[in-house]
Amino acid sequence: MDLGAIDCDSARRTRACGRRLGRLLQPGDVVGLEGPLGAGKTLFVAGAAEGLGIEAGYRVASPTFTLINEYPGRLPIVHVDLYRLEDHAEMHEIGVLDYLGGAGVCLVEWFERLAGAQLPDHLRVTIEVQGDHARCLRLSASGPRSSALGRQWLAACAPRRRSGVARP
């Protein structure tokens, strides 16, 4: 189900929107990220980890070669990158599917590579490059929890006005 989109005019805003989503995430939530190389998927995950209260001393880095990074926070944070995986057999071998819908939060880059897998209720964020730093975050949901989460997040990222000035 398509929920709408969030326009981000800078990397800072993209990260801030990730942070706002992180504050809303609950145990078992799955967020799938799609978009081309360099779109800002890992930057977005870093923001979400901040919103989840990632512990001091941890830095979010792309798990392109490690495939899965885990971080402690308000909830356990599992950051998965499927870029290098070719098929579902490899995903089963390394246990990717075991993390989905678990006790923590799972943020999956290159989510489209899970096509055909039995997935729990999840929020999908497609990052579209609009310019050097501008991005459009398109949201879709697969079930009741992700629909509610997506709507809350859209409201949290809506531009706010104070004294006639638009704020991110």
Inset, instruction - From LEU114, LEU82, LEU107, grab the single residue that is under 19 Å from LEU3 (Cα atoms) and either of a type in the set (A, V, I, L, M) or modelled with pLDDT under 80 (or both). - result: LEU107
Inset, instruction - Answer yes if at least one residue in segment 5-16 is touching a Cys at 6+ places or on another chain (Cβ under 6 Å) and small (Gly, Ala, Ser), and no otherwise. - result: yes
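Condition check ((1) in contact with a Leu (Cβ under 7 Å, 6 or more places away or on another chain); (2) of a type outside the set (Asp, Glu); (3) touching a residue at least 12 places away in the same chain (Cβ under 8 Å)) across all residues:
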| position | (1), (2), (3) |
| --- | --- |
| PRO76 | no, yes, yes |
| ASP81 | yes, no, yes |
| GLU86 | no, no, no |
| GLU90 | no, no, no |
| TYR99 | no, yes, yes |
| ALA103 | no, yes, yes |
| PHE111 | yes, yes, yes |
| ALA115 | no, yes, no |
| PRO120 | yes, yes, yes |
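Counting just the residues of segment 30-63 that are charged (D, E, K, R), more than 10 Å from the chain's Cα centre (by Cα) and not in a helix (DSSP H, G or I), which one comes out surrounded by the fewest Cβ atoms within 10 Å (Cβ to Cβ)?
Taking segment 30-63 as the starting set, the residues that turn out to be charged (D, E, K, R) are 34, 41, 50, 55, 59.
Still in the running and more than 10 Å from the chain's Cα centre (by Cα): 50, 55, 59.
Within this subset, residues satisfying the condition of being not in a helix (DSSP H, G or I) are 55, 59.
Working: GLU55: 12, ARG59: 9.
Looking at the filtered set, the residue picked out is ARG59.
Kindly establish whether LEU21 is in contact (Cβ under 8 Å) with a residue 24 or more places away in the chain, aliphatic (A, V, I, L, M), surrounded by 20 or more Cβ atoms within 10 Å (Cβ to Cβ) and part of a helix (DSSP H, G or I). Spell out the reasoning first.
Working: in contact (Cβ under 8 Å) with a residue 24 or more places away in the chain: yes; aliphatic (A, V, I, L, M): yes; surrounded by 20 or more Cβ atoms within 10 Å (Cβ to Cβ): yes; part of a helix (DSSP H, G or I): yes.
Judged against the criteria, LEU21 is a match.
The values are calculated or read from the model by the stated rules, or taken from the named source; none is laboratory data. Since the structure is predicted, the reported quantities are computational estimates derived from the model, not experimental observations. Cβ: placed from backbone, ideal geometry, glycine included. Neighbour counts: every protein chain shown.
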